[in-house]
Amino acid sequence: MFVHSGFQNYIAVDKILTISRSDSTPMRRQVALARDAGYLIDHTMGKERKAVVSLTTGHVVIVPVEPETLNGRVSKLKRGE
């Protein structure tokens, strides 16, 4: 099962650990560390990042969708709607 994360990009629902706002200092630090380590996946297509998704694989995905919206999409998929 995959969730739409914006601009025809998708994330595997079973790999999602956390969905966080991107404007906090710890999230900015996590994104910078992931970029330096080569574990950053950018789904923003040059737009503003609004959420940071941490995956079970250690990868970090930045997305242009609000965390509440992405969480709602994941919840709908898990409920089978």
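Every number in this text was worked out from the coordinates using simple rules, so none of it is lab data. The structure presented is a predicted model; accordingly, all values stated were derived computationally and were not measured. Positions of Cβ are backbone-derived with ideal geometry, glycine not excepted, and every protein chain shown enters the neighbour counts.
Strands (runs of 3 or more DSSP E) wholly in segment 39-81 with at least 2 residues that are surrounded by 14 or more Cβ atoms within 10 Å (Cβ to Cβ) and in contact with a Leu (Cβ under 7 Å, 6 or more places away or on another chain) - which ones?
Passing ranges, in order: 51-55, 60-63.
If the Cβ limit is 6 Å and pairs must be 6+ apart or interchain, which residue in segment 1-30 that is under 14 Å from I41 (Cα atoms) pairs with which residue that is surrounded by 12 or more Cβ atoms within 10 Å (Cβ to Cβ) and aromatic (F, W, Y)?
Cβ pairs passing all conditions: Y10/F2; A12/F2.
Among the numbered criteria (1) assigned to a helix (DSSP H, G or I); (2) under 9 Å from the mean Cα position of the chain (by Cα); (3) small (G, A, S), which single criterion is violated by A32?
Here A32 clears every test but (2).
I'd like to verify a number: residues in segment 1-29 that are touching a helix residue (DSSP H, G or I) at 6+ places or on another chain (Cβ under 9 Å) and part of a helix (DSSP H, G or I), how many?
Selection size over segment 1-29: 1.
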